[in-house]
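The structure under discussion appears below in the form of structure tokens.
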Amino acid sequence: MLGRVGWIVVQAVVMLFVVSTLVFFATQAMPGDVAKVMLGMSATPERVEALRHQLGLDRSLLSQYWDWLSGVLGGDLGTSLASGRPVSQMLGERLANSATLSLFAIVLILPLSLLIGILAAQFKDSVFDRTFLWSSMVANALADFVVGTLLVALFGTTVFHWFPPVSLIPAGDMPWWHPQALTLPVATLVIGGVMYLSRLIRVSFIDVLNSEYVEMARLKGLGPTRILLTHALPNALAPAVPAASLVAAFTVGGVVVVEYLFGYPGIGALLIDSISNRDLPVIQAVVLVIAAVYYFFNLLADLLHTGRSGERR
């Protein structure tokens, strides 16, 4: 098992190196000229060339990549081409907002998925179960952008108007100081996560409830609550734990779309703004951070699955 864990960690390091390389060269291949975007279309060729030289954009791609990679390994993510501010400082301001949004969503997804999955398994083929299966199928088929748009239309604009359609967080404020602004973005992430994870938990619980040792517990006269908490819950949760890590990874990945939809000031909105300005250092840093967090949760799921397999042996 230790050898397997070590191999997974090596794979993670190699994968992050590959991702960093792809991120750099993909952003360099984006159409347009950064210098022209910064100076405007009326800039003379001499001014454009002078700015390109000042920014180091006239050097070879390999030279630029080596400087960027060396800086990343040393903790220096570069300087924004649009604002001239350190990229790490810009990321720090937005990471807290994105982390709060993701954390609130994950904290709600896990208990809600457990509750709904258990109820659907306990009352298999009931009206509740059939309604859940139908609604989860519909929710899983819809993208976060569509779910968020429906929530805005229903609760933020035309129908009830309970929550603001745009999640504006003033600079310097903590996101949890504005719970109404967080409600719709968090709900958008929670709906997809709960519907996906609940189905997995439901299937796992149904398998456990039909197992021989649960049947034996029933024959011994144990009550439904004791069977659920003592026999079914621990065994049914084991395969669901790695899936929960994957759901957390999907949640982090979905933050970009949700932040853009609601105008939430996180790293997703920063990424969209940077793409509009063709601010390459910021784009590279944001994509690398999102990819690293996403891969971390996938790695965690793999490690949990490995540990579970080792215990069964």
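Computed quantities for the displayed model
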| item | result |
| --- | --- |
| Region 132-155 versus region 65-86: alpha-carbon centroid distance in Å | 39 Å |
| Most positive-pole-ward Cα, TRP177, SER245, LEU270, against dipole of the chain from beta carbon charges | SER245 |
| Label assignment, P(r) over Cα pairs in 10 Å bins from 0, in percent derived from the structure, set [x] 5, 21, 25, 23, 15, 7, 3, 1, 0; [y] 6, 26, 30, 19, 10, 4, 2, 1, 1, 0; [z] 6, 28, 34, 22, 8, 1 | [x] |
| Computed over region 127-232: relative contact order in percent, which uses C-alpha pairs under 8 Å that are six or more apart | 23 percent |
| Charge dipole (debye, nearest 20) of region 87-310; +1 at Cβ of Lys and Arg, -1 at Cβ of Asp and Glu | 540 debye |
| Accessible-area composition of the chain, carbon plus sulfur, in percent [1.4 Å probe] | 69 percent |
| Mean separation of Cα contacts under 8 Å (6+ apart) over length of the chain, as relative contact order % | 26 percent |
| Sites ASP58 and VAL107, calculated FRET efficiency, Cβ-Cβ separation with R0 51 Å, nearest 0.05 | 0.55 |
| Per residue value of the accessible surface for region 87-310 (all protein chains in place, 1.4 Å probe), Å² | 48 Å² |
| Added length on full extension, which subtracts the Cα-Cα distance from 0.36 nm per residue, ALA143 to VAL203 | 19.3 nm |
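The values are calculated or read from the model by the stated rules, or taken from the named source; none is laboratory data. Owing to the predicted nature of the structure, the values given are computational and were not obtained by experimental measurement. Neighbour counts run over all protein chains shown; Cβ positions are idealised from the backbone, glycine included. Protein only, heavy atoms only, side chains kept; ligands, DNA and RNA dropped before computing areas. Shrake-Rupley method; radii C 1.70, N 1.55, O 1.52, S 1.80 Å.
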